[in-house]
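*Asks:* Pasting a structure here, questions to come.
Throughout, read-outs are computed from the coordinates displayed, never taken from laboratory work. No experiment lies behind these values; they were computed from the predicted model shown. Reconstructed Cβ throughout: ideal geometry from the backbone, glycine too, with neighbour counts over all protein chains shown.
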Amino acid sequence: MLAAPRRKLLTVLTAPAAVVALLAGAQLAVGRTADSPATASTASHAQAPQDRRVAAWSPSMTVGGPNFNDQTIRMVAHSTVDGDALRIHLSNLRGTIPLSVAHVTIGAQADRATAVARSLLPVTFDHRRSVTVPTGGEVVSDPVAMHVKADQSVLISIYLPHATSSATWHSDAFDTSYLSTPGDHTTETSDASYVAARTSWYYLSGIDVVPTHARGTVVAFGDSITDGYNTPAGAYRRWPDDLARRLAATSPMGVVDAGIGGNRVLTDVPNIWQGVSARKRFAHDALGQPGVRDVILLEGINDIGNNAGPGGAPLTAQDLIDGYRDLIRQAHAAGVRIIGGTMLPDKGNGYYSDSAEAIRQAANQWIRTSGAFDGVVDFAKAAADPADPAALNPAYDSGDHIHPNEAGMQALANAVDLSLLTGT
């Protein structure tokens with residue numbers, strides 16, 4: 001049986017024209033690559049006008065995951081929206097060899113790696129059970145006749161029959177994935193064959209649905225604060241999760257958490273699992289999402305804390321502003337609204353210094369007053385200590401003076417004026 005804790009515990013490419021085609025109705029297609037983030041080459045994956053899909057869940061993927069061989073991975077995905085006709089996205093975007101997938105199933109989660117009885121359904125790709133995901137590519141499944149509710153977890157099981165190379169993955173899932181003994185265990189309801197637990201997602205890069213009520217997708221784009229660092233695994237208390245619940249009560253939208261721990265706006269991170277820069281991944285991770293209409297950007301503190309300016313030079317506030325302007329340009333070229341979030345205070349953390357604080361303050365002032373964004377969320381004000389605005393409110397501090405706790409994450413979500421988002 002599974003020797004893992006129960007679910008709760010734990011821690012490129014700009015193609016605006018292609019993305020505009022996606023937003024006009026095309027869908028992510030089998031064989032999609034980093035150089036073609038939004039092409040639609042297969043008729044079965046085209047999106048009819050009456051079939052407006054939205055992203056229900058979609059983590060950003062990076063390079064550097066472990067290898068697998070003759071093993072089943074069972075992963076948890078937590079939907080942010082009600083919908084039907086689920087499609088599964090598999091990614092080998094950062095892989096170095098083709099990825100052979102022999103069998104995939106999806107079902108409702110009962111507990112840990114145990115599925116609800118009789119809920120497991122087969123997932124096919126162009127009506128075939130198996131699929132090969134090309135190096136640097138992604139595939140999208142055929143629709144699965146399943147309904148999912150907002151705030152519901154499903155289990156996706158992927159059997160990998162052959163040795164893989166370094167996995168395309170999302171390292172810090174703040175959720176639990178389960179690894180099996182050798183063999184194909186995708187159709188097993190029980191967790192008996194799942195003998196190890198990890199806190200990453202592997203190859204699974206998204207679920208989209210035909211929504212019951214939702215009128216689009218909003219992407220929360222950022223770093224570890226958006227990714228949910230220091231929130232409990234399986235609790236779904238990141239600020240994008242909290243935002244999805246707020247929206248569900250008023251005017252539902254699919255919410256994508258496109259946060260990557262350590263990510264920067266301007267430069268790639270030397271630790272490759274923390275991802276390429278926001279500027280490079282924005283077209284794919286944000287603008288390539290099904291049904292995307294709005295992006296909320298909260299990023300830049302890693303640039304500041306590492307003094308990481310372009311070309312190895314010291315960072316200036318103008319450098320960050322130039323990076324934000326580039327993301328705004330990309331979004332507007334794709335017909336997507338982009339909302340700027342002010343960077344949270346971090347006094348007491350190792351990132352903090354007087355010079356770093358001056359850059360944060362200058363960049364935040366530009367976000368608030370320039371009018372360059374389509375709207376502003378003043379996350380910094382919502383999270384700051386009233387007695388010392390350079391520091392996090394102690395009630396919201398997870399302990400490292402930079403990442404909010406669960407109450408802080410809720411405060412960030414509450415700071416979003418829902419009228420800023422299209423469809424509310």
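*Asks:* Provide the convex hull volume over Cα atoms per residue for the range 215-420, in Å³.
*Replies:* Roughly 115 Å³ of hull volume per residue.
*Asks:* For W239, W57, W366, which order do you get if you count the other beta carbons within 10 Å of each Cβ and list the fewest first?
*Replies:* Listing W239, W57, W366 from fewest to most nearby Cβ atoms yields W366, W57, W239.
*Asks:* Right, something else. Restricting to DSSP H runs of at least four residues, report the calculated mean residue ellipticity at 222 nm for the chain, -39500 (n - 2.57) per run over all residues, nearest 500 deg cm²/dmol.
*Replies:* That comes out to -5500 deg cm²/dmol.
*Asks:* Hey, another quick one. Ordered by packing density, taken as the mean number of other Cβ atoms within 10 Å over each peptide's residues, highest first, how do 214-222, 325-333 rank?
*Replies:* Put in order of decreasing packing, that is 214-222, 325-333.
*Asks:* What percent antiparallel are the DSSP beta bridges of the range 215-420, to the nearest 5?
*Replies:* DSSP beta bridges in the range 215-420 are roughly 15 percent antiparallel.
*Asks:* Okay, moving on. Go through 334-343, 111-120, 226-235 and give me the packing order, highest mean Cβ count within 10 Å leading.
*Replies:* 334-343, 226-235, 111-120
*Asks:* What translational diffusion coefficient, in µm²/s and rounded to a whole number, does the Stokes-Einstein relation yield for the range 204-247 at 25 °C and a viscosity of 0.890 mPa s, taking the hydrodynamic radius as the Kirkwood radius over Cα pairs?
*Replies:* 202 µm²/s
*Asks:* To continue, here is another question. Once the Cα gyration tensor of the chain is found, what semi-axes does its equivalent ellipsoid get, as square roots of 5 times the eigenvalues, in whole Å, sorted largest first?
*Replies:* 33, 23, 21
*Asks:* What relative contact order, as a whole-number percentage, does the range 215-420 give when Cα pairs under 8 Å and 6 or more residues apart are counted?
*Replies:* 22 percent
*Asks:* Let me ask something additional. Roughly how far apart, in whole Å, are the Cα centres of the range 404-424 and the range 152-191?
*Replies:* Centre-to-centre distance over Cα atoms comes out at 32 Å.
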